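The values are calculated or read from the model by the stated rules, or taken from the named source; none is laboratory data. It should be emphasised that the depicted structure is a prediction, and the values quoted were computed from it without experimental measurement. Reconstructed Cβ throughout: ideal geometry from the backbone, glycine too, with neighbour counts over all protein chains shown.
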Amino acid sequence: MIKKVLFPVDFSPFSDKMLECAGELASVGMKEMVLLHVIDTKPVADYGDYINPALPRIQEVAEAKLKELEESLRHVDVEIHRVLRTGSPAPVIVETAKDMDVSMIYIGGHGKGFLDRLILGSVSEKVLRLSDRPVLVQQYRVRGKGDGVILENACARLLERVLIASDFSEYAERMKPVILQFVSAFCAPVTLLHVQEGRSTWGWDTVYRFRKKKASENMRKLQELAMSMRPGCPDVSTELVTGDPSSWILRIADEVNASLIMIGAFGHRTVGSLLGGVAEKVVRQSERPVLVVKV
């Protein structure tokens, strides 16, 4: 699942922090990494197909920066591909992922900023919406301002403990092979979580009996999934709770000190919201890296 990873870079401090994770990814199976920089050349409305005369120079500078990044990553024992393209960044990133047949896109989000406000970033949002393959969003907390800006939450223990959220829907069944493949690649401690939607205090009526039966069925499914993972990776625990899914996913992630949250989402979209429902809320609100698996 992580043999070939696409790293979109914009030569910002966020990109530099994101690339610090290359060594850890290489240690758990990454063999190739694609360094992609997209020169934004969206048409100017008033000028039609206007082409910036400075574009050749911009391309020259960008190519030199890509080469510098490649040289800085020589200590990572993987094959590195430099790719420079022009166009609207998000669609080009997604198309490059297809063209290069990467296993995963690794993109940065800005996490919480100076006012503690969550800012994912327009390019990251569009990539998440359009991509037909897994996208790992690395969040950062921004502290300070101006020359004193410090980026925290860079990759230091990305695969130390993984929280995997499953809702046991038909989409979750499609996600199961990906989960097994991912876990077998690194065998870190895993917490399997299912959040049953509804109020945590049930009434003494038909709703109570239905939810109790549903909880029993879901616990059985959760245990079966855990058992399928344990032959190759024995440290698997399970959690079954009732309430708001996104809130509980973030809460359990804090409780187990998860280094990564893995969650499924609907396939790529061309219109509409980011991902819809639970996945969108988790990506927007999490300060931890989130791996979104398209199903």
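In the range 243-274, what count of residues is obtained for those that are among the aliphatic types (A, V, I, L, M), modelled with pLDDT under 85 and buried (at least 24 other Cβ atoms within 10 Å of the Cβ)? First the steps, then the outcome.
Taking the range 243-274 as the starting set, the residues that turn out to be among the aliphatic types (A, V, I, L, M) are 249-250, 252-253, 256, 258, 260-263, 265, 271, 274.
Next cut, modelled with pLDDT under 85 only: 265, 271, 274.
Remaining after also requiring buried (at least 24 other Cβ atoms within 10 Å of the Cβ): 265.
Qualifying residue count, the range 243-274: 1.
Would you mind stating whether V207 is at pLDDT below 70 and not in a strand (DSSP E or B)? Walk me through it before giving the result.
Working: at pLDDT below 70: yes; not in a strand (DSSP E or B): yes.
Answer is yes for this residue.
Results for (1) outside any loop (DSSP other than H, G, I, E, B); (2) touching a Cys at 6+ places or on another chain (Cβ under 6 Å); (3) at pLDDT 95 or above; (4) closer than 26 Å to M175 by Cβ, shown as yes or no for each residue.
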| position | (1), (2), (3), (4) |
| --- | --- |
| M1 | no, no, no, yes |
| F7 | yes, no, yes, yes |
| G29 | no, no, no, yes |
| L35 | yes, no, yes, no |
| D46 | yes, no, no, no |
| R57 | yes, no, no, no |
| E63 | yes, no, yes, no |
| K67 | yes, no, yes, no |
| V83 | yes, no, yes, no |
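Of the residues I119, I164, which is closer than 27 Å to E255 by Cα and modelled with pLDDT of 85 or more?
When all the criteria are applied, what remains is I164.
State whether the residues of the range 228-239 include one that is surrounded by fewer than 21 Cβ atoms within 10 Å (Cβ to Cβ), modelled with pLDDT of 80 or more and under 30 Å from A90 (Cβ atoms).
There is no residue in the range 228-239 that is surrounded by fewer than 21 Cβ atoms within 10 Å (Cβ to Cβ), modelled with pLDDT of 80 or more and under 30 Å from A90 (Cβ atoms).
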